[in-house]
Amino acid sequence: MIQESAPSVVCLGFFDGVHRGHLALLETACRAAKEEHLQVCVHTFDHAPGVKRFELTTLEERIRLLKEAGADRVAVSVFDQDMRHMSGEDFFDKIVMEKLGARHVVCGDDHRFGYKGACGVKELEKMCRENGVGLSVVPPVTLPGGERISSTAIRQAIEQGDEDLVFRMLGRPADENMKRRAGLV
């Protein structure tokens, strides 16, 4: 699914829901892209690896929301057996560098990648440094009470009917599709 890209600022994550935490990643990527005269390329997967409950957004919804938030391009990897078993080093070399043309990478502080999530920010820092690629690690986005914004927390709030919390985390109300996928409609 991924086609080779022009040199880019690559934003890594799954981006389920495209919530306020994800928007902070996109804002950071857009700033870096402007400074470095590059495109913003967001990398995601066709479905959520390891999500045992409903996805907040379909792939089509994610792509639309990511582009509305400033992505020039959304690259989608199929999460098949090859991808599931790909090492973090191979993911970085073959996808991030070769396919996406990374000159700068943006991710959250808890980003994991590679087989069984073996690589995290520490390993990513090393790979970026060795390849002359910039890296921006975005700290967690929290609500005023300190609760970390996450797709998991939004799923729980939808299931509990806490529309105010969903709105504060997403930055918009949960739509009917989210509620339907949660089995509430």
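The values are calculated or read from the model by the stated rules, or taken from the named source; none is laboratory data. Small disclaimer: the values here were computed from a predicted structure and weren't measured. A quick note on method: Cβ atoms are made from the backbone with ideal geometry, for glycine too, and the neighbour counts reach across all protein chains shown. These accessible areas exclude ligands, DNA and RNA; they are computed on the full protein's heavy atoms, side chains included. Shrake-Rupley method; radii C 1.70, N 1.55, O 1.52, S 1.80 Å.
A simple spin-label model places the labels of THR58 and GLU159 2.3 nm from each other, with each point 7 Å out along Cα-to-Cβ. On a per residue basis, the chain carries 51 Å² of accessible surface, using protein heavy atoms and a 1.4 Å probe. The simple spin-label model puts a point 7 Å past each Cα toward its Cβ; for GLU147 and ARG31 those points are separated by 2.7 nm. Within the accessible area of the stretch 53-181, the carbon and sulfur atoms contribute 48%, probe 1.4 Å, all protein chains present. Out of residues 5 or more away from SER77 or on other chains, whose amide H comes under 5 Å of its own, with H placed 1.01 Å from N in the peptide plane? Hits under the 5 Å cutoff: THR44, PHE45, ASP46.
Taken over the stretch 59-117, the percentage of Cα pairs per 5 Å bin, counting from 0 up to the bin with the maximum distance, is 4, 15, 22, 25, 23, 10, 1. Database remark: amide H of VAL138 closer than 5 angstrom to the amide H of CYS107, GLY108, ASP109 (H placed geometrically; neighbours at sequence offset of 5 or more, or on other chains; Pro and chain starts carry no H). Mean-square fluctuations from a GNM of the chain, with a 10 angstrom spring cutoff on Cα atoms, peak among HIS85, HIS104, HIS47 at HIS85. Each other residue within a Cβ distance under 14 Å of THR28 adds +1 if Lys or Arg and -1 if Asp or Glu, for a net charge of -1.
Given a 10 angstrom Cα cut-off, can you work out which residue in GLY145, GLY134, GLY88 is the most mobile in a GNM of the chain? Ranking GLY145, GLY134, GLY88 by mean-square fluctuation puts GLY145 first.
Below 14 angstrom from the Cβ of ASP109, what's the summed charge of the other residues (Lys, Arg +1; Asp, Glu -1)? Overall, the nearby charge balance is 0. The stretch between ALA182 and ARG84 holds 32.7 nm of extra length on full extension. This uses 0.36 nm per residue minus the Cα-Cα distance.
Selection among GLY146, PHE54, VAL121 by position relative to the dipole of the chain gives GLY146 as farthest towards the positive end (Cβ unit charges, Cα centre). Within the chain, DSSP assigns beta bridges of which about 10% are antiparallel (rounded to the nearest 5). The stretch 124-180 and the stretch 81-98 have Cα centres separated by 24 Å.
Going down the list LYS99/LYS126; LYS67/LYS94; LYS94/LYS116; LYS34/LYS67, which pairs span over 22 Å between their C-alpha atoms?
Beyond 22 Å between Cα atoms: LYS67/LYS94.
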